[in-house]
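The structure appears right after this line, and notes come after that.
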Amino acid sequence: MSYLEIKNLEISFPTPKGKYTAVRDINLSIEKGEIISIIGHSGCGKSTIMNAISGMTIPTGGSVELMGKTIKGPGPDRGVVFQNYSLLPWMTVYQNIYQAVDAVMKVSKKEKNEIVLSNLEMVNLMQHKDKLPGQLSGGMKQRVAIARAFAINPGVLLLDEPFGALDALTKGTMQLELLKMWNLSGRDKTIIMITHDIEEAIFLSDRIIVMNDGPASTIREIEHVHLERPRNKIEFVKTEEYITLRDRLLHLLTDKFSVEDMGIVYKK
Amino acid sequence: MSTDTLEKESKTKEAVKEVVNNSESSGKTKIFLSKLLAVGKSILFACIGLLLFGGFWSFMSSYTENQLPGPEATLTVLGEMLADPFYDYGPNDKGIGLQLFSSITTVLSGFLLGSLIAIPVGILMGASKIGKQIFYPIIQLLKPVSPLAWFPIGLVVFEDTGMATIFIVFITSLWSTLINTAFGVSSIPQDHKNVAKAFGFSTWRYLRKILIPYSLPHIITGLRLSIGVAWLVIVAGEMLSGGAGIGFFVWDSWNALSLEKVISAIIIIGIVGLLFDKLFTLIENKVSYKA
Ligand SMILES: Nc1ncnc2c1ncn2[C@@H]1O[C@H](COP(=O)(O)OP(=O)(O)O)[C@@H](O)[C@H]1O
Ligand SMILES: [Mg+2]
């Protein structure tokens, strides 16, 4: 049995027009230390699956099991990085992390302080620890959110479009930061992330889950990424494996690749 | 590598700072001058408004052949009142300062008691559907009732006019605070609640670190509106209860046919009301975080 098992997962929501099934028949086994990306069109149910793993949503069918135990709610064994950072705007960077650590960890005050500081160090935000989130850039806020999730030392990290709002350069740095932290923690943290970025998915993941469109969407295909780690951001895009995978994913996610595919006659 | 970029970043920032520093002194004086100008302007306009009002008042005074005392006569009496505000010649003859003190004490007692009830109940209403379903109908029913209508009930329950006055202030102080608190709490964004849920915040931590900080500006707005209405009501309440306070003073002066005193009291009531409002606006600005 795997570390994290999703079995026949189905999630529906009651709506005024009746039951709306967001996802169904989701079956997935994830090993400890794996990095998994979920990719798919907007509204296909990626966040819904994520919420089922984090325990924020209770499945209407099937189950999610972590180390053999069915997930019934949020817990300190899973750290969540929300799509929109979700920092508390009235608290300093330090406090945002401290409150999470204080709520979850059963250690002395001194140790909590050390945990917060070492995680701030890890994301290079030490000199900004007394700032309010409103004074930070998007990339910095994202780093705080990641530090907060890491600080509670969870076995599973859940990242919902973590770098979606960042510019390409910051995004590249953040991807490396994430891998750095994964490495520093002995590569035994399981990371599940949602992304829209094919290159990002290939660069980071061991496996990429491609979703069908909703309603009642299912897993369309699972791609294995066989690239050696550490991967080099410049070199990996030149590999055969990358090019094949990228084409495959593009084909799965889009059906038009040029204006001619859109029925337009292109004049030379 | 990212420490490297950070270092570069701070270096460029310093360079920018130096450039700014060179032109800073002239820039600062400019900003100061333009601020001064703005303040001067607003004072000027306020004075124009006051003058217009004074003119209208004088006109009304001469129109009623000084039945209504003019600004000059009133200000003279006001000056006399303020010259000796704390004299005490027995229960029916006290200085304006003592009356004002009595009114403010009554308002603050009623307001404090009301807020102590209104804030927790408002939080309950905002945080739970059931809480809202329990309390909202009562509030809708009782809120439109004139606070003075509660006076007889206060008299029966407490058998004391002073307590009855505090009681009507108490009732008055409830509504705005209740409604604003409930609104503030019910509008806490899902994002903030998700943080509490995902990181397993206890109810106590949620209350202290999310609910209160988020809704505090709304609560203070409620308190500001409440004390405003409470101050409105106290004057009428003390006219009913008699014995003490600025409302009693107005009524007593009217019976003594001293309209100068009545108008002076009105001016003082206005100023105290304004000060209450300013005080709470100040607190409001202090507690609202900049998102
Ligand atoms: N609480 C909810 N109530 C009703 N419908 C929901 C709810 N949450 C999500 N949905 C619907 O489920 C579908 C999947 O949503 P989501 O998982 O957020 O998609 P995405 O893949 O973009 O993250 C969407 O059609 C969305 O409208
Ligand atoms: Mg989503």
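Please treat every number below as a calculation from the coordinates, not as lab data. The shown structure was predicted, so the numbers you read here are calculated from the model rather than taken from an experiment. For neighbour counting, all protein chains shown are included, and Cβ atoms are generated from backbone atoms with ideal geometry for every residue, glycine included.
Below, the figures for the structure above:
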read-out	value
Virtual spin-label span in nm between A:Lys32 and A:His226, 7 Å along Cα→Cβ	2.7 nm
Electrostatic dipole magnitude of region A:96-202 [Cβ: Lys, Arg +1; Asp, Glu -1; Cα centre; debye, to 20]	480 debye
Amide hydrogen neighbours beyond the local backbone of A:Ile35, cut-off 5 Å, H modeled	A:Ile191, A:Asp206, A:Arg207
Flagged links, alpha-carbon separation over 31 Å, of A:Lys233/B:Lys197; A:Lys112/A:Lys141; A:Lys180/B:Lys197; A:Lys72/A:Lys256; A:Lys46/A:Lys110; A:Lys72/A:Lys109	A:Lys233/B:Lys197; A:Lys72/A:Lys256; A:Lys46/A:Lys110
Options B:Gly154, B:Ile269, A:Met105, ranked by Cα towards positive dipole end of the protein assembly as shown, top entry (Cβ charges)	A:Met105
Cα pair distances in region A:122-268, grouped into 10 Å bins until the bin that holds the longest one, percent each	9, 33, 33, 18, 6, 2
Farthest toward positive dipole pole in the protein assembly as shown [+1 Lys/Arg, -1 Asp/Glu at C-beta], among B:Ala164, A:Gln135, B:Ser103	A:Gln135
Antiparallel bridge percentage (DSSP; both residues within the protein assembly as shown; nearest 5)	55 percent
Distance between modelled label sites at B:Glu80 and A:His41, nm, 7 Å Cα→Cβ extension	8.7 nm
Region A:77-90 - phi-based ³J(HN,Hα) in whole Hz, Karplus 6.51/-1.76/1.60, Gly and Pro as x	7, 10, x, 10, 10, 6, 4, 10, 6, 6, 8, 8, x, 8
Dipole-positive endmost among B:Leu112, B:Tyr206, B:Phe56 within chain B (Cβ charges, Cα centre)	B:Tyr206
Alpha-carbon centroid distance for the pair region A:45-80 / region A:188-203, whole angstrom	18 Å
Two-decimal ratio, region A:35-171, of alpha-carbon radius of gyration to 2.2 N^0.38 Å	1.09
Measure of compaction for region B:74-287 (Cα Rg per 2.2 N^0.38 Å)	1.21
Computed label-point distance, nm, for sites B:Phe56 and A:Lys180 using a 7 Å Cα→Cβ extension	6.8 nm
The protein assembly as shown: radius of gyration over Cα atoms, expressed as a fraction of 2.2 N^0.38 Å	1.37
Residue-wise HN-Hα coupling along region B:196-205, computed from phi with Karplus coefficients 6.51, -1.76, 1.60 (Hz; x: Gly, Pro)	4, 5, 5, 9, x, 5, 6, 4, 4, 5
Amide H within-cut-off set for A:Ile194, under 5 Å, with H built and near neighbours excluded	A:Ile38, A:Leu159, A:Asp160, A:Glu161
Cα-centre dipole for region B:139-285 with unit charges at Cβ (Lys and Arg positive, Asp and Glu negative), debye to 20	840 debye
Volume per residue that the Cα convex hull of chain A spans, once the total is divided by residue count, Å³	171 Å³
Using θ = phi - 60° and Karplus 6.51 cos²θ - 1.76 cosθ + 1.60, couplings along region B:254-265 (whole Hz; Gly, Pro as x)	5, 5, 7, 6, 9, 5, 4, 5, 4, 5, 4, 4
Electrostatic dipole magnitude of the protein assembly as shown [Cβ: Lys, Arg +1; Asp, Glu -1; Cα centre; debye, to 20]	960 debye
Whole-number percent relative contact order across chain B, with pairs defined as alpha carbons under 8 Å at least 6 apart	19 percent
Distance between region B:191-236 and region A:205-268 - C-alpha centres, whole angstrom	49 Å
